[in-house]
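The values are calculated or read from the model by the stated rules, or taken from the named source; none is laboratory data. Everything numeric here is computed off the predicted structure, so don't read it as measured data. Quick reminder, even Gly has a Cβ in these numbers, built from the backbone with ideal geometry, and neighbours come from all protein chains shown.
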């Protein structure tokens with residue numbers, strides 16, 4: 001998607017489809033997607049618990065790394081059983097992010113300490129997995145992993161070959177999606193009492 005200069009801006013658990021083989025993953029609902037061939041400013045868009053800091057701060061010249069932030073939020077939610085950042089409005093959302101990803105010292109040491117406490121190596125996430133998570137959730141978008149960079153990290157070596165969609169299944173623009181037959185996906189309900197990590 002990013003190779004085609006499309007930014008999704010709406011990646012969240014409900015927009016990720018997993019095939020019956022558990023190896024095929026597709027991202028759906030490109031309703032907020034945009035093509036970045038045009039120069040900024042770009043409009044703010046997204047779902048609050050997953051929005052990247054630069055969107056919450058009103059930055060109009062963002063790039064595809066807003067999607068890698070979204071992927072980091074989804075990964076964290078899969079591990080915790082609930083969203084990592086849960087503000088009721090944009091100000092509370094930013095505050096929730098600052099509490100975990102404090103970057104005031106410029107070295108992001110605080111981020112690693114708090115984030116690692118939330119995802120301990122012994123029970124939740126290996127060091128290689130944590131490198132992916134912390135790279136996707138870098139507060140400063142310039143320090144955030146791109147999708148290509150994330151896939152090159154050691155954590156993904158154990159995954160093996162990914163089942164990529166066939167060429168005819170790839171949507172090249174948001175307008176192309178509108179021409180496809182709509183698909184209703186109802187995600188399974190979340191557990192009533194998620195594990196606390």
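Does residue 6 qualify as being buried (at least 19 other Cβ atoms within 10 Å of the Cβ), in contact (Cβ under 8 Å) with a residue 60 or more places away in the chain and closer than 25 Å to residue 130 by Cβ? Write out each step before concluding.
Numbers: buried (at least 19 other Cβ atoms within 10 Å of the Cβ): yes; in contact (Cβ under 8 Å) with a residue 60 or more places away in the chain: yes; closer than 25 Å to residue 130 by Cβ: no.
So residue 6 does not fit the description; no.
Scanning region 37-77 for residues that are under 11 Å from the mean Cα position of the chain (by Cα) and in contact (Cβ under 8 Å) with a residue 60 or more places away in the chain yields a total of 15. In summary, helices (runs of 4 or more DSSP H) completely within region 90-197 and bearing 2 or more residues that are over 17 Å from residue 69 (Cα atoms) and modelled with pLDDT of 55 or more occur at 90-100, 109-118, 127-136. Selection of region 66-84 for residues being farther than 18 Å from residue 29 by Cα and in contact with a helix residue (DSSP H, G or I) (Cβ under 9 Å, 6 or more places away or on another chain) yields 72, 75, 76, 77, 78, 79, 80, 83, 84.
Residues of region 24-36 that are in a loop (DSSP other than H, G, I, E, B) and free of Cβ contacts under 8 Å to residues at least 60 places away in the same chain: 29, 32, 36.
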